[in-house]
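Worksheet: one structure, shown below.
The values are calculated or read from the model by the stated rules, or taken from the named source; none is laboratory data. Bear in mind the structure is a predicted one, so any value in this text is a computation, not a measurement. Virtual Cβ from ideal backbone geometry, glycine too; neighbours counted across all protein chains shown.
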There are 2 protein chains.
Amino acid sequence: MVDNAQTGLHGSVLDRLGTMITSGALGAGEVLRIEQLEARFGVSRSVVREAIRVLESMGMVTSRRRVGITVAERARWNLFDPQIIGWRLDGPGRDEQLRSLGELRRGLEPVAAALAARRATPAQCGTLTGAVMDMAVHGRSGDLEAYLVADIRFHRTLLEASGNEMMAALSGVVAAVLAGRTHHHLMPAHPEPVAIRWHMEVAQAVQSGDADAAERAMRDIVDEATRAMLGAGDETKNDEPRNDEPRNDETRSRAPGAGT
Amino acid sequence: MVDNAQTGLHGSVLDRLGTMITSGALGAGEVLRIEQLEARFGVSRSVVREAIRVLESMGMVTSRRRVGITVAERARWNLFDPQIIGWRLDGPGRDEQLRSLGELRRGLEPVAAALAARRATPAQCGTLTGAVMDMAVHGRSGDLEAYLVADIRFHRTLLEASGNEMMAALSGVVAAVLAGRTHHHLMPAHPEPVAIRWHMEVAQAVQSGDADAAERAMRDIVDEATRAMLGAGDETKNDEPRNDEPRNDETRSRAPGAGT
DNA sequence: AGAGCTGAAAAATCAGATCTTTATGCAGGA
DNA sequence: TCCTGCATAAAGATCTGATTTTTCAGCTCT
């Protein structure tokens, strides 16, 4: 689902350990030893150590002499690390992760839109408008994949146009959220026309430099998306959905607007 | 300024390399070789490799056989990594980093306040109110350090009370921003009373569950802070302030409200 | 109980050897 | 001339064994 492609042995070990920790298979406080990990994964010390070092820099484990590798509690993790986000989106924490990201978007994207209204280049304005037009076309034809691509292009461009590096750094994550929504069938077969209209309003407001209008229209977009997602996610307050393609029909029926 | 304390040799190498890259001493595209780094830092391969692995996971370098370690362009970095944020706050990118974080706060904290109004526990409400009272006391007495501690406690508690793990994960960074503001003398000797009043409004709105009021009051707080910081930062659009305690008087004179 | 000592466990580091990938240059052919 | 395929070597990737350093845990002595 997410590009957790890893390079080399150490990357594969990292990926497996990260998945185990985020999924809860390895709980906070559990202690691992290097030798044991060498055996478990059939690799040498150096490979294990490099993977552990990365996990340590993510705050997921701590390494102490005479003790071993201790899995850290979630409050210590760098939850903005794209790798961790990817692992969680793939595992049991998916719903919780999507909720967190949704709330985050509700705060950030309107501000990004306002900033973009002041800073976007003409080229970026063009890209935004073009993306909206593509969304309209593919939304009508019902080509959800093409719609998704245009939607991602819109949001990525907007975040980049905000002129804020950190917001731009989130574009990959936002793309993952949008893709997750589509691929988990939380989108209706034909996106709400009102969503496309709001996207167009954002694009026009950015082009005309109207920060307030851009912020407002973007807030409409994300509020609608948040509402749809919260409605769909309320029945699973805990972290144990486990199954990967669950309750499509109920979910879809409760997420009618899902307009990005 | 920020706790970039590192454990062991690999941590020190990581810290030095990270600082060099974020400061621009090592520009994007530059190629390093492991052997050269061993010699430069006087450590063995394993230490260098572990540091490189961490930098790689941060997106700051890429490692390719037959080529070497290539410094990546900033657009590829994980700008939310606390370590990178710390390096940038300590180096020439400080102003840019503070601007990014300020804009981020403007989006996130109001939403966090709204969420906290729905989710905060009674204990958290108490902590919020207590923090505001401390702010008022120390603001009047002019004890900026104690004021800062209370201010940080307020914002950390609010982000945690949002019930959103990712926002809570940013509390350390927000604390660093607030501390940076105080320690770089961007605060007036006596904080604006209106700022303290806004904090109190947030605390009360959270306690009474009024999400809209909480969001609005928090937006006031952050807007004021953003305005003050943008005003103070405009004269240095580029990334080269270098000196650590610069232009206190001019800056202070242009950041009158600086109310968190 | 509490302070200090001691042994051993486990990570941290170093160093040498070997494996794997791949940029690059050369040779041959179209 | 330009492309294609092969050989070569450079540099990271991995494995391994030895050594060092830290520090937990148990013991002793007060």
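Looking for something within 30 Å of residue B:214 (Cα to Cα) and facing chain A (nearest Cβ under 8 Å) - is there at least one such residue anywhere in segment B:115-138? Walk me through it before giving the result.
We begin by selecting, within segment B:115-138, every residue within 30 Å of residue B:214 (Cα to Cα); these are B:115-138.
Filter once more, keeping what is facing chain A (nearest Cβ under 8 Å): B:115.
Taking every residue of segment B:115-138 in turn, at least one turns out to be within 30 Å of residue B:214 (Cα to Cα) and facing chain A (nearest Cβ under 8 Å).
Residues that are touching a strand residue (DSSP E or B) at 6+ places or on another chain (Cβ under 7 Å) and among the hydrophobic types (A, V, I, L, M, F, W, C) within segment A:61-99 comprise A:61, A:67, A:69, A:71, A:72, listed in sequence order.
Looking only at residues of segment A:180-195 that are under 29 Å from residue A:209 (Cα atoms) and surrounded by fewer than 24 Cβ atoms within 10 Å (Cβ to Cβ), we find that the one that is nearest to the other protein chains (Cβ to nearest Cβ) is A:195. Within segment A:7-52, if we keep just the residues that are of a type in the set (S, T, N, Q) and buried (at least 17 other Cβ atoms within 10 Å of the Cβ), the residue that is farthest from DNA strand D (Cβ to nearest atom) turns out to be A:22.
All of (1) in contact (Cβ under 8 Å) with a residue 40 or more places away in the chain; (2) part of a loop (DSSP other than H, G, I, E, B) hold for residue A:55 with one exception: (2). Of the helices (runs of 4 or more DSSP H) lying entirely inside segment A:108-218, those carrying at least 3 residues that are more than 30 Å from residue B:84 (Cα to Cα) are A:122-141, A:144-161, A:171-183, A:193-208. Residue check: is residue A:218 within 20 Å of residue A:99 (Cα to Cα) and modelled with pLDDT of 95 or more? It is true that residue A:218 is within 20 Å of residue A:99 (Cα to Cα) and modelled with pLDDT of 95 or more.
Cβ-Cβ distances below 7 Å connect the following pairs, each with a first residue in segment B:179-192 that is under 17 Å from residue B:221 (Cβ atoms), a second residue that is of a type in the set (Ser, Thr, Tyr), and a separation of six or more residues or different chains: B:186/B:251; B:191/B:147.
Can you name every residue in segment A:71-85 that is among the polar types (S, T, N, Q) and part of a helix (DSSP H, G or I)? Walk me through it before giving the result.
Initially, segment A:71-85 is screened for residues among the polar types (S, T, N, Q), giving A:78, A:83.
Matches in segment A:71-85: A:83 only.
On the basis of being basic (Lys, Arg) and free of Cβ contacts under 8 Å to residues at least 40 places away in the same chain, does residue B:156 make the cut? Step through it out loud before you land on a result.
Working: basic (Lys, Arg): yes; free of Cβ contacts under 8 Å to residues at least 40 places away in the same chain: yes.
Taking the combined requirement at face value, the residue satisfies it.
Is at least one residue of segment A:27-42 closer than 30 Å to residue B:104 by Cβ, at pLDDT below 95 and not in a helix (DSSP H, G or I)? Don't jump to the end; show me each part of the working.
Within segment A:27-42, the subset closer than 30 Å to residue B:104 by Cβ is A:28.
Now narrow it down to the ones that are at pLDDT below 95: none.
No, that holds for no residue.
A Cβ distance below 7 Å, combined with a sequence gap of six or more or placement on separate chains, defines the contacts here; from segment B:66-77, residues that are closer than 15 Å to residue B:51 by Cα reach residues that are more than 16 Å from DNA strand C (Cβ to nearest atom) and not in a loop (DSSP other than H, G, I, E, B) in the pairs B:71/B:21.
Against the conditions (1) over 20 Å from residue B:27 (Cβ atoms); (2) within 13 Å of chain A (Cβ to nearest Cβ); (3) assigned to a helix (DSSP H, G or I), residue B:88 satisfies every one except (1).
Within segment A:15-52, count every residue that is away from DNA strand C (no atom under 11 Å from the Cβ) and either among the small types (Gly, Ala, Ser) or more than 11 Å from every other protein chain (Cβ to nearest Cβ) (or both). Please lay out each step first, then the result.
Looking only at segment A:15-52, we keep the residues that are away from DNA strand C (no atom under 11 Å from the Cβ), and these are A:15-30, A:39-43, A:47, A:51.
Keeping just the survivors that are either among the small types (Gly, Ala, Ser) or more than 11 Å from every other protein chain (Cβ to nearest Cβ) (or both) gives A:15-30, A:39-43, A:51.
Summing the residues that are away from DNA strand C (no atom under 11 Å from the Cβ) and either among the small types (Gly, Ala, Ser) or more than 11 Å from every other protein chain (Cβ to nearest Cβ) (or both) in segment A:15-52 gives 22.
More than 16 Å from DNA strand C (Cβ to nearest atom), in contact with a helix residue (DSSP H, G or I) (Cβ under 8 Å, 6 or more places away or on another chain) and of a type outside the set (Phe, Trp, Tyr), is that true of residue A:68? Give the steps one after another, and end with the answer.
Details: more than 16 Å from DNA strand C (Cβ to nearest atom): no; in contact with a helix residue (DSSP H, G or I) (Cβ under 8 Å, 6 or more places away or on another chain): yes; of a type outside the set (Phe, Trp, Tyr): yes.
Taking the combined requirement at face value, the residue does not satisfy it.
For beta carbons closer than 7 Å, sequence separation of 6+ or different chains, a first residue in segment B:7-23 that is under 15 Å from residue B:81 (Cβ atoms) and a second that is in a helix (DSSP H, G or I) and within 13 Å of DNA strand C (Cβ to nearest atom), the qualifying pairs are B:14/B:51; B:14/B:54; B:17/B:51. Can you spot a residue in segment A:46-54 that is under 28 Å from residue B:80 (Cα atoms), under 28 Å from the mean Cα position of the chain (by Cα) and hydroxyl-bearing (Ser, Thr, Tyr)? No, segment A:46-54 has no match at all.
Hey, can you tell me all the residues within segment B:53-75 that are facing chain A (nearest Cβ under 10 Å), surrounded by 15 or more Cβ atoms within 10 Å (Cβ to Cβ) and more than 10 Å from DNA strand D (Cβ to nearest atom)? Selection gives B:54, B:55, B:57, B:58, B:59, B:74.
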